[in-house]
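For reference, the structure is listed below as structure tokens.
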Amino acid sequence: MNTFSVSEIVEMGIEKEKKRRDFYSAVAGYFKDKDVKELFSKLKNWEDEHIKKFSEIRDSIKEPKEAETYEGEMGAYMQALVDDKLYSHVNPADFSKNIKTPMDAISYGISFEKDAILFFEEMVRYTADSRKDIVRKLVDEEKRHIAYLAGLREKISS
């Protein structure tokens with residue numbers, strides 16, 4: 001079984017956080033309603049904070065760096081792991097087809113957060129036992145995102 005370093009797993013998570021941040025940023029610009037714009041700007045800022053937090057976790061990990069076989073190998077590898085069907089639809093051109101209401105955007109956001117949890121839960125299997133708690137902390141962060149978004153969905157639907 002291949003083993004990923006915790007810093008590799010955290011880096012993959014950071015890439016997914018960046019995609020969610022860019023999604024929320026684009027959605028904030030898509031809607032004209034001031035409250036909706038503010039909501040998605042807040043969510044975008046939240047993702048920025050998580051990118052910062054996850055970057056600090058990554059930078060605090062004392063693991064040897066793996067040498068790349070060729071220039072850009074790790075970047076290509078990370079991109080392949082974070083690109084999937086859900087994330088491929090995150091671009092402004094598709095918003096008119098996929099996101100018509102704030103509820104649509106919240107549903108996408110919840111899907112992204114669920115994806116992050118599944119990603120980290122799967123990756124914990126490939127993490128050295130001494131580092132599994134770090135990955136589980138990332139899962140806890142994403143669970144808090146889902147709870148927040150679910151609360152927003154409930155509030156909007158009331």
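Just so you know, all these numbers are worked out from the coordinates, no wet-lab data involved. In this text, all values refer to a predicted model and were calculated from it rather than measured experimentally. Because the Cβ atoms are built from the backbone with ideal geometry, glycine has one as well, and the counts that use them run over all protein chains shown.
Can you flag which of K100/K155; K32/K137; K53/K132 are past 29 Å Cα-Cα? Walk me through the intermediate numbers first.
Values: K100/K155 18 Å; K32/K137 36 Å; K53/K132 17 Å.
Beyond 29 Å: K32/K137.
Grab the beta carbon distance between K155 and E56, set R0 = 41 Å, and tell me the FRET efficiency rounded to 0.05. Intermediate results must be reported in sequence, preceding the final value.
Numbers: r = 31 Å, r/R0 = 0.77.
That pair, K155 with E56, gives E of 0.85.
Hey, fewest Cβ within 10 Å first, where do D48, D133 land in order? Write down the numbers at each step before the final one.
Details: D48 15, D133 11.
Ordered by Cβ neighbours within 10 Å, fewest first: D133, D48.
At a Förster distance of 35 Å, what's the computed FRET efficiency of E38 paired with L118, Cβ-Cβ distance as r, to 0.05? It would help to have the intermediate numbers written out before the result.
Numbers: r = 30 Å, r/R0 = 0.84.
So the FRET efficiency works out to roughly 0.75.
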